[in-house]
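The values are calculated or read from the model by the stated rules, or taken from the named source; none is laboratory data. As the structure is a computational prediction, the values presented were derived from the model and not from experiment. Here the Cβ positions follow ideal geometry from the backbone for every residue, glycine too, while neighbour counts run over all protein chains shown. These accessible areas exclude ligands, DNA and RNA; they are computed on the full protein's heavy atoms, side chains included. Shrake-Rupley method; radii C 1.70, N 1.55, O 1.52, S 1.80 Å.
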Amino acid sequence: MIPEGIIKPEFERRYRELMGPEYELFLKFMATKPRPTIRVNPMKVDPGWLLDRLEGEGWELKQVPWYEHGYWVSGVERPGGTRWHALGLYYVQEAASMIPPVALDLEPGLRVLDLAAAPGSKTTQMSEMMGWRGLIYANDVSPDRVDALAANVQRMGSVNVLIFMSDGRRAVQTFGRERFDRVLLDAPCSSIGEVRRSWGALARWSPKAVNRISRLQLSLALAAYETLKRGGVMVYSTCTLEPKENEWVVHQLVERGALIERPEIKGLKWRPGLKRWMDWEFHEDVQKTVRVYPQDNDTIGFYVAKLRKP
Amino acid sequence: MSFLRERFGYVPDLHFFASGKRKVRAVVKEGADERADLKGVYVGKKAPYGFIISVEGSFLVGRGAKKGIIELNDEEFDRWMSGQDLELREDLPKGVYIVKYQEVFAGSGYFNGRVLKNLLPRVRIQ
C-alpha cells in the first residue's frame, strides 16, 4: 500500500478522471515494485549462450514481447551484481523503457541524436539495434549524468556513440539544423510512471511542478525537432502519465508541422493518447500516441509518441 | 595500431586515437572526424610491459585475434573475475594476453613467465 498522506487530493482527483474505473487497480500496481528486466547485449555475446548460463544459475527468464533481447527475470537477488553484468553482457533496464528505441525504426548506418541520454539505457540499446554501425550522438546536461552515460557506453562497448555535454535546449547551436535521421527525446519528467520504483515522485508532484517541467519539455522538444532531417523520425517519450507533459507537448509539435505515426510495438498493451484534458483539445492524431499504464503490462507507466518531419 | 597486429594478429576496422598520454580509444570510422566530448570506447593503454587491453578492447580485438589469447576453464574464470592472479602451467612467452572464457572475453593479463597478473579494473571485479 502507498502510505497515507503521500497522494495529494488534487492528484487523486486528476488520476481518478484519467483512469476512470481503473483508478484502484492503477494504485494497486503503483504500490508494488516492478519486475526486474534485463536487456541482453547481442554485440558482445550470443544471447542463447548467456540465457543458458543464467538459467543454469537459477534465473527464471521471460521474454519481453516488444524487444527481442529483453527478459523479465526472477530468482536472482541483484541482477546488476553479476560478472556477466560487469562484462557488459546485459543491462538492467525496465521493460517499458525499451519501447522508445523500438518505435524509432532504427537501422544500421543512421545518424541518431539522443538528446537527454543519461544514464544511457536507450543509447546503448539503440547502438546494439544498429549493430554498432552509424553514429549516435548522446547528449546530457550535467557532469554527473554524463559520467553515468559514459560508464554505461563503455561497459556495453558501444563503439558508435559520441558523447556530448550541453543544454539540450541549445541543440540547434550544438548539433546543427536538420542533421539527424532519427532523434530520441526521452525527456526529463515528473516521473509519475516511476512511482513503482520510488514514491518520491508522488511526494514531489504538484500541478505547478508539472507545468514547470512541461515548459522545459516543450523547449527540448522544439529544439530536438529542429535537428531532425526532413523525412526523419523523432520519438518523444516520458516516464510520466501527465497529459501536460505528454499530449500537450506533442500537440505543440503537430502545430509546427510534425506528423504523428502510430508505432508498431509487438505484444504491448497500450491506450491511445488523449483527445482532450482539462481545457485543452488536442489534434486528433495525438490519439496515435502511446499511453502505457502500469496495470497494462506490469511495467512502469510510460508515454511514447512517434513523429515524422514532412 | 601495429602493436595489435603484431601481438594479436588482428586490428578491428575502427578508428583508433590517443586519449591523453597513454590511453587509446576507438570509434567507428564514420566518427573519426566528428567533434565530441568523448568518442567511442576506451580500448587500452600503454604500460612498460606492453599494451593493456580493456574489457571492451578484449571483445573488439579478441573476436578476430589469431594469437595472444589465453582461454580459462570454469575454475580459473571464477578466480579471474574475483580479481585473482592465475598461476599457469602453460609454457608461454611473457607478455600481455587477452583473456577468454568460452564465448566471452574478460580483459587482459600480463604473463610474467609464471603468473598471469590480473589487470581487470576494480569496478569489473565481482
Query - Qualifying positions in the stretch A:256-310 - more than 20 Å from the chain's Cα centre (by Cα) and within 26 Å of A:P34 (Cβ to Cβ) - result: A:W277
**Report entry** Failed item in (1) open to solvent by 40 Å² or more (accessible area, probe 1.4 Å); (2) farther than 23 Å from A:P42 by Cβ; (3) touching an Asp or Glu at 6+ places or on another chain (Cβ under 8 Å), with B:D33 passing the rest
**Finding:** (3)
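Go through the residues of the stretch B:101-113 one by one and say whether even a single one is open to solvent by 30 Å² or more (accessible area, probe 1.4 Å) and in contact with a Gly (Cβ under 6 Å, 6 or more places away or on another chain).
We begin by selecting, within the stretch B:101-113, every residue open to solvent by 30 Å² or more (accessible area, probe 1.4 Å); these are B:102-103, B:110, B:112-113.
Checking the rest, the ones that are also in contact with a Gly (Cβ under 6 Å, 6 or more places away or on another chain) come to none.
No, every residue in the stretch B:101-113 fails to be open to solvent by 30 Å² or more (accessible area, probe 1.4 Å) and in contact with a Gly (Cβ under 6 Å, 6 or more places away or on another chain).
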Report task. Inspect all residues belonging to the stretch A:204-226 and state whether any of them is small (G, A, S), out of contact with any strand residue (DSSP E or B) (no Cβ under 6 Å at 6 or more places or on another chain) and assigned to a loop (DSSP other than H, G, I, E, B). Result -> yes
Query - Filter result for the condition that a residue is touching a Lys or Arg at 6+ places or on another chain (Cβ under 7 Å) and either without any contact (Cβ under 8 Å) to a residue 24 or more places away in the chain or over 24 Å from A:E68 (Cβ atoms) (or both), over A:L274, A:L259, A:L253 - result: A:L259
Report task. Mind listing just one residue for me: the one in the stretch A:32-57 that is touching a residue at least 40 places away in the same chain (Cβ under 8 Å) and charged (D, E, K, R) and, of those, farthest from A:Y90 (Cα to Cα)? Result -> A:K33
Query raised in the report: Does B:V99 fit the bill of being more than 30 Å from A:G109 (Cβ to Cβ) and part of a strand (DSSP E or B)?
Result: yes
Query - B:R79 being of a type in the set (K, R), outside any strand (DSSP E or B) and either touching a strand residue (DSSP E or B) at 6+ places or on another chain (Cβ under 8 Å) or modelled with pLDDT of 95 or more (or both) - result: yes
**Report entry** Enumeration of residues in the stretch B:36-58 that are within 10 Å of chain A (Cβ to nearest Cβ) and open to solvent by 40 Å² or more (accessible area, probe 1.4 Å)
**Finding:** B:D37, B:L38, B:Y42
